[in-house]
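Some notes on the structure that comes next.
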Amino acid sequence: MNYRRISHAAMSGVALASLALVMSSVAANAETYHYVTARNPDSPVIKALMDVVAEFKETHPDFDITLENIAGRPAYLQKIKILATSGELPEIFDADAEPYYEDIVEAGLTANIGEIFDEIGITDKFIPFALDYERFDDGSLWLIPWEANVEYFYYHKDMFEKAGVQPPATLDEFLEVCTTLGETGVTPISVAGKEGWPMYRYLSMPSWRMMGNEFLDKLKVGEISMNSEAGLADARFFQDLGANCFQEGFASADYTTALNMFLSSQSAIYYVGTWELHSLLDENKELKDDIGYFKMPIIDENDATSPDDFYAHSGLGTAIRADAATDEMKEFLAFLADRFGTISHHEYGGLPSLKIEVTDEMPQIYKDVLADMEAIGEYARVWDVKLDAATVDTLFRQSQLLGLGEITPEQFAEEIDRSVQQYLSSR
């Protein structure tokens, strides 16, 4: 491993104390950059990145990026916190634009990606919403986006046909479809409760349709309560899903388990982003014959958001440690901007954050997804990115209990509100 030690004062809890940094310098020549990632090594992002590295090495033989994969988001985040606390952040690591990473940025530990992109002239090569998703509230950009994702409900057409149901248009219809599917003996939905974020997507859907991002924006600063009309609508919807729709043992199911349940036809519905699209395609890079998809259902015509507004983002971003933003790294990033998008899409079926040309030869599913991206007016912000780390921990535990029916929606709301207030009072 190529960790470089950074001296600093102690970190306390999730907040970084004021750090007195003594940044070790990275040599401007022969350099290996160590990348600690939460991504699967077989993902289109990692495969395309390493292909670009191999191409770059043809003219820069001393350059290299080594990978260390930490499976599972919770385990990965814990690893990064340990490395940050011990002053051993790797040169490259994954992060979200959330409060804990913001503390790392404020401590001077990472490079300003927005400034680098502007300096080397590649900002306009990215899809705007992919960049915007990785920005902090002040508009600054400290993370590299790799993907441009939209999230859909995928379903098995034969299971729907057997149950006599159609893709739902409203959230009420969604619950009805789940109940009907269950009555035919199939598991309606497989969800990776162990990962956290899939639960939060389901949880947030009613409030997103009722208030858009206003609910989350106000919740995180204590201007609205989880015990409000919108918050309780979320909690009740999620508890209904846990009781009638999710697979048995959903709270302990990891990403791979939940996905494989769907791929092996053990569940009828699976919610995921287009980063996983490659797993759902046939040899012609079209959706398999038995698989269809639908967007997040609405509540009714009075929703605050349109049917075309749902979760769209660039997913997990990547940070560069401040002393690793060398001239060589900047040269690599410029090269990456020219090659990554093409390789990611054409070689591995990815939907990159970099703009790609829509061609007649492109599979229809990709044309449809890109059209959906263009139609989005407002995208839903992600709860586990915008809420503070302690509240996300509370959200994880309480969502599992809520889905299992072990607490009431009101008890769930009380715990979330308490955590938000504790965070705000500590700032």
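Readers should treat all values here as calculations from the given coordinates under stated rules, not as data from a laboratory. Since we're looking at a predicted model, the values are computed, not measured. Note that we place each Cβ from the backbone using ideal geometry, even for glycine, and neighbour counts take in every protein chain shown.
Select from Ala389, Ala38, Ala75 the residue whose mean-square fluctuation is largest in a Gaussian network model of the chain (Cα-Cα springs shorter than 10 Å).
Ala75
Report the local net charge at Ala337: Lys and Arg +1, Asp and Glu -1, summed over other residues whose C-beta lies under 12 Å from its C-beta.
Result for the local shell: +1.
Average projected area of the Cα convex hull of segment 19-150, in nm²? List each step's numbers first, then the result.
Details: hull surface 36.3 nm².
Mean projected area for segment 19-150: 9.1 nm², to one decimal.
On the Cα set of segment 303-427, report Rg and Dmax in Å, please.
Reported Rg and Dmax, both Å: 20.6, 56.
I'd like the distance between the alpha-carbon centres of segment 330-357 and segment 376-412, rounded to an integer number of Å.
Taking the Cα centre of each part, segment 330-357 and segment 376-412 sit 34 Å apart.
Average the reciprocal distances over every distinct pair of alpha-carbons in segment 254-321, invert the result, and give the Kirkwood radius in Å.
That comes to 14.7 Å for segment 254-321.
Suppose we take every Cα in segment 290-345 and form the convex hull; what volume per residue is that in Å³?
Cα convex hull per residue, to the nearest whole number: 166 Å³.
Just from its helices, what would the mean residue ellipticity at 222 nm be for the chain, if runs of 4 or more DSSP H residues each count -39500 (n - 2.57) and the sum is divided by every residue, rounded to the nearest 500 deg cm²/dmol?
Taking each H run of at least 4 residues, the total per residue is -13500 deg cm²/dmol.
What Kirkwood Rh does the chain have if only Cα atoms enter the pairwise 1/r average? Answer in Å. Before the final figure, lay out each step's value.
On the way: mean 1/r = 0.0444 Å⁻¹.
Mean inverse Cα-Cα distance, inverted, gives 22.5 Å.
What does the charge count around Phe250 come to, taking other residues whose C-beta lies under 12 Å from its C-beta (Lys +1, Arg +1, Asp -1, Glu -1)?
Local charge sum for Phe250: -2.
Report, in whole Å, the centroid distance computed from the Cα atoms of segment 84-161 and segment 255-309.
Segment 84-161 and segment 255-309 have Cα centres separated by 23 Å.
Report, for the chain, the % of DSSP beta bridges that are antiparallel, rounded to 5.
65 percent
Residues with beta-carbon under 9 Å from that of Pro206, excluding Pro206: net charge, scoring Lys, Arg +1 and Asp, Glu -1? Let's see the in-between values first.
On the way: positive: Arg209, Arg236; negative: Asp234.
Residues near Pro206 contribute +1 overall.
Stick to the Cα atoms of segment 193-272, pair each with every other, and give me the Kirkwood hydrodynamic radius in Å at one decimal.
13.7 Å
So how much slack lies between Ala334 and Asp137, counting 0.36 nm per residue of separation and subtracting their Cα-Cα distance, in nm?
68.3 nm
Taking the number of other C-beta atoms within 10 Å as the exposure measure, put Thr394, Thr66 in order starting with the fewest.
Thr66, Thr394
Sticking to Cα atoms, compute the Rg of segment 55-114 to one decimal and its Dmax as the biggest Cα-Cα distance, whole number, in Å.
Cα-based Rg and Dmax for segment 55-114 come out at 13.9, 39 Å.
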